[in-house]
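Derivation of every value follows stated rules applied to the coordinates shown; laboratory data play no part. Predicted model only: the values in this text are computed from it and were never measured. Cβ placement follows ideal geometry from the backbone for every residue including glycine, while neighbour counts extend to all protein chains displayed.
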């Protein structure tokens, strides 16, 4: 839980970053933009569910300070993700709704 999951999540995020880095000089067609937008919406849902599930699974393993750290991690991460996705409003809303509603229900 403390080694394998972060490695998998880091690999997922780095591979997406590498994918976008390789496309930085591409001149995409309208169809490619539509596919990338749809893919980003689905990936935003999947990644936010994965990170939220990981945080909630770690929550019972610590004292009050560790649990506060996990809550702070979730808050900072979701704010950063929402700002990063501000140009794709639907993905930002998906991330905000998934993480914030899960956090409110869990609290």
Listed residues 36, 91, 53; largest mean-square fluctuation, Gaussian network over the chain with Cα springs below 10 Å, found at 36
In vacuo Debye sum over C-alpha of segment 41-107, base-10 log of normalised intensity I(q)/I(0) at q = 0.24, 0.27 Å⁻¹, listed in q order, is -0.99, -1.18
Per the rule of 0.36 nm per residue minus the C-alpha distance, extending residue 86 to residue 63 adds in nm 4.8 nm
Quick shape summary for segment 1-64, equivalent ellipsoid via Cα gyration tensor, semi-axes whole Å in descending order, reads 32, 13, 7
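Working out 0.36 nm times the residue gap between residue 76 and residue 33, then minus their Cα-Cα distance, what length gain in nm do you get to one decimal?
Details: separation 43, 0.36 × 43 = 15.48 nm, distance 2.89 nm.
Using 0.36 nm per residue and subtracting the Cα-Cα distance, I get 12.6 nm.
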Contact order relative to length for segment 41-107, counting C-alpha pairs under 8 Å separated by 6 or more residues, stands in percent at 44 percent
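With N set to the residue count of segment 45-84, report its C-alpha Rg divided by 2.2 N^0.38 Å to two decimal places. Intermediate values should be presented prior to the final figure.
Numbers: Rg = 10.6 Å, N = 40, 2.2 N^0.38 = 8.9 Å.
Relative to the 2.2 N^0.38 Å estimate, segment 45-84 comes out at 1.19.
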Expected max-MSF residue from 40, 29, 80 in the GNM of the chain (alpha carbon, under 10 Å) is 29
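Can you compute the FRET efficiency between residue 97 and residue 9 using 1/(1 + (r/R0)^6), with r the Cβ-Cβ distance and R0 = 22 Å? Round to the nearest 0.05.
Values: r = 20 Å, r/R0 = 0.92.
For R0 = 22 Å, the calculated efficiency reads 0.65.
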Connecting every pair of Cα atoms under 10 Å apart in the chain and solving the GNM, the largest mean-square fluctuation among 65, 42, 73 falls on 65
